[in-house]
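Trainee: Below: one structure in structure tokens.
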Amino acid sequence: MLLGDKVGIVTGAASGIGAASARRFAAEGAAVTVADIRRAKAEEVAQSIRDAGGLALAVEVDVADAASVAAMVQATVEAFGRLDVLFNNAGTLRPGTAVELSVEDWDAVMAVNVRSVFLGAKYAVPHMEAAGGGSIINTASISGLHGDGGAVVYAASKAAVINLTRALSTDHAPSGIRANAICPGTIETPPVARMMTQGDALARNVAAHALGRLGRPEEIAAAAVWLASDESSFVTGEAIVVDGGLRAQSPLGRLADPRPAHRRA
Ligand SMILES: NC(=O)c1ccc[n+]([C@@H]2O[C@H](COP(=O)([O-])OP(=O)(O)OC[C@H]3O[C@@H](n4cnc5c(N)ncnc54)[C@H](O)[C@@H]3O)[C@@H](O)[C@H]2O)c1
């Protein structure tokens with residue numbers, strides 16, 4: 001098991017990528033705190049982990065709130081005795097150009113997506129130091145790597161997560177703490193399912209990924225488990241792209257038909 005004896009926190013763990021990651025962390029032997037602003041849903045995920053024989057604690061948290069994040073970390077250490085892994089995964093998206101977006105929308109998204117990573121590190125690092133090291137994983141996005149029109153604050157916040165990750169990795173490397181980000185492509189989660197009902201959004205998204213499909217939450221969880229585990233012990237400060245070939249593909253599509261001449265009917 002990749003995470004035997006480790007203790008981890010996953011935020012945004014009531015749904016989507018976070019829920020899949022909490023389940024996988026537990027299946028790999030970690031004791032896991034299932035943290036989310038939706039307490040009842042977090043409890044459902046924690047119960048499903050316990051039903052499968054894992055160790056899980058549900059905690060209600062608002063990742064944008066300092067006292068709430070401090071309490072989440074404290075509850076984890078009280079329940080499981082230590083902290084090795086923090087997966088800052090909770091996030092939110094409010095669409096809009098700079099003209100359309102309200103100042104309140106800007107501040108809310110930056111708080112949930114970026115302040116959360118700062119707060120998580122602030123309260124988790126001392127416990128990781130006490131444990132002799134640890135792994136911080138932050139969910140960024142491919143939206144943090146290119147200018148995603150129509151979602152300016154989301155794009156800005158995810159770019160900030162990537163560079164904050166680099167700064168954290170530098171500061172805490174001497175304590176044996178690694179920090180990495182994951183940049184997912186489009187992943188089939190409840191908010192994405194809602195967005196994909198609009199016009200040709202689904203077809204355009206599928207075509208944008210070289211693998212010709214959207215990703216599954218479990219495919220991001222697999223990257224998170226690797227980053228949480230000692231298998232990635234020499235990896236820090238990175239933004240790992242898990243996007244089904246979205247970034248690799250030219251917006252022009254293929255320049256030539258890749259099939260050999262005799263197979264082009
Ligand atoms: N699904 C995608 O295509 C995709 C792509 C790139 C990045 N992401 C990122 O992945 C992460 C997870 O997204 P998802 O698609 O699984 O969405 P999701 O809605 O299924 O899960 C997000 C969870 O975060 C929780 N949450 C929201 N605000 C919170 C707060 N203030 N405090 C605590 N919990 C809060 C929600 O209750 C929800 O359970 C986000 O950071 C998102 O930006 C998603």
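Each value in this text was obtained by applying a stated rule to the coordinates, not by laboratory testing. Remember, predicted model here, so these are calculated numbers, not experimental data. Cβ: placed from backbone, ideal geometry, glycine included. Neighbour counts: every protein chain shown.
Trainee: Of 221, 203, which residue is farther than 27 Å from residue 23 by Cα and part of a helix (DSSP H, G or I)?
Mentor: It is 203.
Trainee: State whether one or more residues within segment 239-246 are touching a Leu at 6+ places or on another chain (Cβ under 7 Å), within 11 Å of the ligand (Cβ to nearest atom) and outside any loop (DSSP other than H, G, I, E, B).
Mentor: No, segment 239-246 contains no residue that is touching a Leu at 6+ places or on another chain (Cβ under 7 Å), within 11 Å of the ligand (Cβ to nearest atom) and outside any loop (DSSP other than H, G, I, E, B).
Trainee: Further, regarding this structure: Could you tell me which residue of segment 219-246 is surrounded by the most Cβ atoms within 10 Å (Cβ to Cβ), considering only residues that are farther than 16 Å from residue 183 by Cβ and aliphatic (A, V, I, L, M)?
Mentor: My answer is 228.
Trainee: Just name the residue that is nearest to the chain's Cα centre (by Cα) out of those in segment 30-58 that are surrounded by fewer than 16 Cβ atoms within 10 Å (Cβ to Cβ) and assigned to a loop (DSSP other than H, G, I, E, B).
Mentor: 38
Trainee: OK, next. With the checklist (1) within 12 Å of the ligand (Cβ to nearest atom); (2) surrounded by 14 or more Cβ atoms within 10 Å (Cβ to Cβ); (3) small (Gly, Ala, Ser) in hand, flag the one item residue 193 doesn't pass.
Mentor: Failed condition: (2).
Trainee: Shifting gears a bit: Could you check, for segment 13-26, whether at least one of its residues is of a type in the set (S, T, N, Q), farther than 22 Å from residue 134 by Cβ and within 8 Å of the ligand (Cβ to nearest atom)?
Mentor: Scanning segment 13-26 turns up at least one residue that is of a type in the set (S, T, N, Q), farther than 22 Å from residue 134 by Cβ and within 8 Å of the ligand (Cβ to nearest atom).
Trainee: What tally of residues in segment 126-146 results from selecting those that are in a helix (DSSP H, G or I) and under 18 Å from the mean Cα position of the chain (by Cα)?
Mentor: Total satisfying the criteria: 3.
Trainee: Right, another one. Among the residues of segment 89-114 satisfying the criterion of being within 15 Å of the ligand (Cβ to nearest atom) and in a loop (DSSP other than H, G, I, E, B), which is surrounded by the fewest Cβ atoms within 10 Å (Cβ to Cβ)?
Mentor: This residue is 95.
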